[in-house]
1. Taking the options Lys94, Lys99, name whichever one is assigned to a loop (DSSP other than H, G, I, E, B) and more than 20 Å from Ile224 (Cβ to Cβ).
2. May I ask you to say which residue of Leu53, Leu75, Leu104 is under 29 Å from Arg284 (Cβ atoms), of a type outside the set (Gly, Ala, Ser), surrounded by fewer than 22 Cβ atoms within 10 Å (Cβ to Cβ) and at pLDDT 95 or above?
3. Assuming Glu142 fulfils every condition listed in (1) modelled with pLDDT of 95 or more; (2) of a type in the set (D, E, K, R); (3) within 17 Å of the chain's Cα centre (by Cα); (4) surrounded by fewer than 23 Cβ atoms within 10 Å (Cβ to Cβ) apart from one, which condition is it?
4. Of all residues in region 91-119, which are touching a strand residue (DSSP E or B) at 6+ places or on another chain (Cβ under 9 Å) and farther than 17 Å from Ser40 by Cα?
5. Could you tell me how many of the residues in region 70-79 are part of a loop (DSSP other than H, G, I, E, B) and either β-branched (Val, Ile, Thr) or more than 14 Å from Ile224 (Cα to Cα) (or both)?
6. Got a sec? Which of Cys76, Cys38, Cys84 is farther than 26 Å from Val260 by Cα and in contact with a strand residue (DSSP E or B) (Cβ under 9 Å, 6 or more places away or on another chain)?
7. Restricted to region 159-196, and to residues that are surrounded by 16 or more Cβ atoms within 10 Å (Cβ to Cβ) and farther than 25 Å from Ser248 by Cα, which residue is modelled with the highest pLDDT?
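The values are calculated or read from the model by the stated rules, or taken from the named source; none is laboratory data. Computed from a predicted structure; not experimentally measured. Cβ atoms come from the backbone with ideal geometry, glycine included; neighbour counts cover every protein chain shown.
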Amino acid sequence: MKQQMKLAKNTGLAHVDLEFDSEYHAVWAKLRYPDRPCISNGLINDLQQVQSLISSIAKKGHESEDPERLRYQILCSTQPGVFCLGGDLDLFIKLIRVKDRVRLADYAKDCIDILYASITGYDLPFTTIALVQGETLGGGFEAALAANVLIAERSAKFGFPETVFGMFPGMGAFSFLARRIAPAMAKRIISSGKVYTADELFDLGVIDQVVDDGKGVAAVREFIRHQHVRSTGFEGLEKVMEQFNPLSYKELMDVVNIWVDTAMKLSDKNLRLMEYLVNAQNKRWSSSRESMDVRHQVQSA
């Protein structure tokens with residue numbers, strides 16, 4: 001595992017920072033956003049590399065019955081106040097306007113490939129965890145829901161804005177939510193367009209744990225300590241849950257096809273609403289980056 005850890009440091013990833021923690025048998029995958037904090041093709045490519053590396057390490061450890069094997073993956077963000085603002089709307093607009101169904105479908109398939117690997121734990125006795133410490137929307141919310149365990153800090157916000165511009169979240173939102181809560185409530189959350197607090201979603205059963213701001217990392221480590229001692233029981237429980245309500249890759253792909261069909265039918269008014277949201281995000285992100293640059297200059301002075 002140490003060799004793989006050294007390899008991970010030399011992957012040259014631009015959108016994900018990898019940190020292995022041998023004490024907790026865990027790897028932290030920290031999302032990094034050189035541009036707008038959305039699911040860009042660059043982020044997708046890096047996550048594919050990350051998952052390939054992590055699954056390889058975890059599989060080798062499992063097959064060799066290594067007691068120190070990799071057992072946990074934590075997805076979080078390096079950007080203060082933001083986990084992920086969702087899909088690349090700017091790309092969506094361009095592809096829809098030129099009727100490029102193939103590239104839009106490829107983007108969506110790449111996303112569900114990543115999310116399916118996460119929710120199935122690479123088909124291993126392996127636990128994926130999402131730590132949300134800021135705002136997460138659309139595809140970012142889906143990425144958090146695709147983790148086996150969702151832990152959020154109290155100031156975190158969650159929502160699906162897609163219905164505002166005539167779309168719906170198509171990379172697993174309903175499938176993931178309906179396996180945590182009642183399908184009718186899952187539909188209500190998705191269709192409302194409302195921004196939910198972490199406490200609200202905890203009360204509904206969507207989030208597994210809510211902790212005070214700044215306590216997220218400690219909460220993840222405490223969860224791992226608690227689960228590790230009782231790992232066989234938790235693994236058995238996961239198998240029971242999967243047997244009761246299995247999630248197939250086909251289910252996710254069927255939804256993606258509906259999502260692409262819907263996107264291709266969007267009106268020019270819908271696309272203008274998407275552009276408005278992109279511009280608002282760009283403006284906010286630009287201001288955020290300027291503030292970070294100023295703080296960095298002050299700290300370096």
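1. Exactly one of Lys94, Lys99 is assigned to a loop (DSSP other than H, G, I, E, B) and more than 20 Å from Ile224 (Cβ to Cβ), namely Lys99.
2. Just a single option satisfies the conditions, and that option is Leu104.
3. (4)
4. Once the filter is applied, which keeps residues that are touching a strand residue (DSSP E or B) at 6+ places or on another chain (Cβ under 9 Å) and farther than 17 Å from Ser40 by Cα, region 91-119 yields Ala117, Ser118, Ile119.
5. 2
6. Sole residue among the options that is farther than 26 Å from Val260 by Cα and in contact with a strand residue (DSSP E or B) (Cβ under 9 Å, 6 or more places away or on another chain): Cys76.
7. Tyr196
Residue-by-condition table, conditions (1) assigned to a loop (DSSP other than H, G, I, E, B); (2) under 30 Å from Glu135 (Cα atoms); (3) touching a residue at least 12 places away in the same chain (Cβ under 8 Å):
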site	(1), (2), (3)
Val27	no, yes, yes
Pro34	yes, yes, yes
Leu43	no, yes, yes
Gln48	no, yes, yes
Ser52	no, yes, no
Ser55	no, yes, yes
Lys59	no, no, yes
Glu65	yes, no, no
Glu68	yes, no, yes
